[in-house]
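In what follows, a single structure is set out as structure tokens and then discussed.
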Amino acid sequence: MLNDAYGLPVSTDSPAAVAAIDTFVEHFLGYGQQADAVLKAVEYDPECALAQACCAALYMFLEAPQAPQLARPYLAAAQRLKTTATAREQLFIDAIAGWVDNNMATALRCHEQLAAQYPWDLAAIKIGQYHYFNLGDAAGMLRLALQARAGGAASPYLDGMLAFGFEQCHRLDLAEQSARAALAQKPDEPWAHHALAHVFETQGRIAEGIEFLESHAASWATLNSFMHTHNWWHLCLLYIDRERFEQVQAIYPQHIWGVWKEYSQDQIGAVSLLARLELAGVNLEPALWQELGDYLSVRINDVVQPFLSLQYLYGLARAERPEAETLLANIAVYARQAPTPSHAAWADVTLPASYALLAHASGQYAAAARGLEPVLTRLQTIGGSHAQRDLFWQIYLDALLGCGRLSDAQQILQLRYQSRPDSPLLKRQLQRVYRELGLSDF
């Protein structure tokens, strides 16, 4: 038995297998491009239970309907080897089994135990945070990272995890403190960049956020497609606030929609950014939506995560693809049978939001506004971050404007402007509403 880079025992006598697992963990935590090195670990030692379980996890991160099928052979091998695995490895295998089986209660129970008993198992804590994030449980995300810190773990990656957990719990000062602690150890830690991007946007520190993200953007070139595109996406949000639309459109094909077009997170980032440009008043070439629709057309049966499905649906609708109706029908079917703990998110939030998004995409603004109103305060249950879910608030605001509910729109815009007074976009939108309401000054 050998130890990994964090001093945790691994049930193998193969140094090459351990080195491959270490590479997987390092690139998983740091959003590098070599997380698939763990596939080599099972070649070096097919009897290494942890390597098999990590391979299963790797395929589950595809976030696609076929992911469990791809993961199951590795999971089955890991389960066969459980009797020779350490207690930590057994918990990890059970956690991945819960994920593959869509039994998130089991998965999260195992991740909580791993955080408490093995605080240096940062990969397990990161996966647990991912699950809590997708369930809209910000407190769970933070709790896992705090447990690891209380257990003695210390790493720039853990500080980055703490930063995002604090940010999603609206504890922005602690989020910034943790992110800067990560960067003091590892200046190019991308998850800390990401957490600070959230803080800057939430606090309306637009100029500071742009300067910070621009100064680190070169380091994102070596990251995996998600982190590369997502940090650029955050920078683009700040550019949109400053109405630097041409700059955003120049970034889009290279850094938002030019890395891994088949991947879930790259697709929703593209949908969201195109939508936000249009909501800001930019007239886009229809070909942008049409190309995106070509890739989204395979998502008609994709009900893996509600947050993802809603954006696939909206992208298909904006591309005027008939597959939007097929996906909507499949969302309606799944909403009736989704298991706990996600049933309410699908049935009570995702399904009504789906009808509303299709209404907005087709210009039925009054119906879109009515459909979104009951679900806006429950959007956290579908997953995604505050910044990502803000897309649905922006669509709601556009629907209010589109159907003439100007007084309601004023209430939302005024509060948004007060939190970001340096946003020319919000100032322009608010001036329009005040003018149409017959109010001389805002």
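The values are calculated or read from the model by the stated rules, or taken from the named source; none is laboratory data. Note that the structure is a prediction, hence the values are computed from the model and not measured. All Cβ positions, even for glycine, are placed from backbone atoms using ideal geometry, and neighbour counts span all protein chains on display. The protein model used for the area step is the full one, side chains on, heavy atoms only, and it has no ligands, DNA or RNA in it. Shrake-Rupley method; radii C 1.70, N 1.55, O 1.52, S 1.80 Å.
Ignoring ligands, DNA and RNA, how do TRP393, TRP232, TRP257 rank by accessible area with a 1.4 Å probe, largest first?
On the way: TRP393 85, TRP232 40, TRP257 10 Å².
From most exposed to least exposed: TRP393, TRP232, TRP257.
Return the Cα extents of the chain along principal axes one, two and three, sorted largest first, each rounded to a whole Å.
76, 47, 34
Counting only the backbone N, which residues of the stretch 414-437 are under 18 Å from the spot 7 Å out from the Cα of SER407 toward its beta-carbon?
Residues 414-415, 433-437 fall inside that zone.
Number of Lys pairs in the chain with C-alpha atoms less than 29 angstrom apart, excluding same-chain neighbours closer than eight positions? Present the calculation step by step, with values, prior to reporting the outcome.
Details: LYS40/LYS82; LYS40/LYS126; LYS40/LYS186; LYS40/LYS261; LYS82/LYS126; LYS126/LYS186; LYS126/LYS261.
Eligible lysine pairs with Cα atoms under 29 Å apart amount to 7.
Mind pulling up the Rg/Rh value for the stretch 184-295? Radius of gyration and Kirkwood radius, both on Cα.
Values: Rg = 13.7 Å, Rh = 14.3 Å.
Rg/Rh: 0.96.
Which one of ALA51, GLN168, PRO286 has its Cα pushed farthest toward the positive end of the charge dipole of the chain, where Lys and Arg give +1 and Asp and Glu give -1 at the Cβ?
GLN168
Would you mind putting 7-17, 331-341, 158-168 in packing order, based on average other-beta-carbon counts within 10 Å, highest first? Don't jump to the answer; show the numbers that get you there.
On the way: 7-17: 17.1, 331-341: 15.5, 158-168: 26.7.
Most protected by this proxy first, the peptides run 158-168, 7-17, 331-341.
Using 0.36 nm times the number of residues separating ALA347 and ASP294, minus their current alpha carbon distance, what extension gain do you get?
Details: separation 53, 0.36 × 53 = 19.08 nm, distance 2.77 nm.
Extra length available between ALA347 and ASP294 comes to 16.3 nm.
Could you work out [θ]222 nm for the chain from helices alone, using -39500 (n - 2.57) per DSSP H run of at least four and dividing by all its residues? Round to the nearest 500 deg cm²/dmol.
Values: 23 runs with 295 residues, N = 442.
The helix contribution divided over the chain gives -21000 deg cm²/dmol.
List the residues of the stretch 169-206 whose backbone N lies under 20 Å from a point placed 7 Å from the Cα of LYS427 along the Cα-to-Cβ direction.
201-206
With a 1.4 Å probe and all protein chains left in place, how much of the accessible area of the stretch 333-442 comes from carbon and sulfur atoms, in whole percent? The partial results should precede the final answer.
Values: 2520 of 5040 Å².
Exposed carbon and sulfur together represent 50 percent of the surface.
To the nearest 10 degrees, how steep is helix 406-419 against the longest Cα principal axis of the chain, on a 0 to 90 scale?
Taking the Cα atoms of the chain, the angle to 406-419 is about 50 degrees.
Helix 264-279: angle to the longest alpha-carbon principal axis of the chain, degrees 0 to 90, nearest 10?
Taking Cα atoms only, the helix is inclined about 10 degrees.
When the chain is fully extended, how far beyond the present Cα-Cα distance does GLU47 get from THR340, taking 0.36 nm per residue of separation? Don't skip to the answer; put the middle values down first.
On the way: separation 293, 0.36 × 293 = 105.48 nm, distance 3.42 nm.
Going from the current span to full extension adds 102.1 nm.
Please work out the C-alpha center-to-center distance from the stretch 199-254 to the stretch 43-113 and express it in whole Å.
Here the answer is 35 Å between Cα centres.
Under a Cβ-Cβ cut-off of 14 Å, what is the net charge of the residues other than ALA275 that fall near it, where Lys and Arg count +1 and Asp and Glu count -1?
Working: positive: ARG276, ARG318, ARG389; negative: GLU278, ASP390, ASP398.
Local charge sum for ALA275: 0.
For the stretch 233-318, with all protein chains present and a 1.4 Å probe, just round the carbon and sulfur fraction of the accessible area to a whole percent.
Values: 1380 of 2920 Å².
Carbon plus sulfur share of accessible area: 47 percent.
On average, how much accessible surface per residue is there in the stretch 1-159, in Å², for a 1.4 Å probe, leaving out ligands, DNA and RNA? Spell out each step's value before the answer.
Numbers: 5980 Å² over 159 residues.
Counting only protein heavy atoms, the per-residue value for the stretch 1-159 is 38 Å².
Accessible area per residue, 1.4 Å probe, Å², for the stretch 256-374: what's the number?
Numbers: 4540 Å² over 119 residues.
I get 38 Å² per residue for this part.
Over the alpha carbons of the stretch 18-155, what is the largest minus smallest coordinate on each principal axis, giving the biggest first in Å?
Extents along the principal axes, in whole Å: 37, 32, 31.
Tell me the angle of helix 323-337 to the major Cα principal axis of the chain, expressed in degrees between 0 and 90 and rounded to the nearest ten.
60
Would you mind telling me the share, in percent, of accessible area of the stretch 99-193 contributed by carbon and sulfur at probe 1.4 angstrom?
Working: 1740 of 3320 Å².
Using a 1.4 Å probe with all protein chains present, the stretch 99-193 comes out at 52 percent carbon and sulfur.
Would you mind checking which residues have amide H under 5 Å from LEU2's amide H? H placed 1.01 Å from N; only 5 or more apart, or other chain.
For LEU2, whose amide H was placed from the backbone, the distant partners under 5 Å are VAL10, THR12.
Counting each pair of different Cα atoms once, what's the Kirkwood radius of the stretch 245-297 in Å, rounded to one decimal?
One decimal place: 11.1 Å for the Kirkwood radius.
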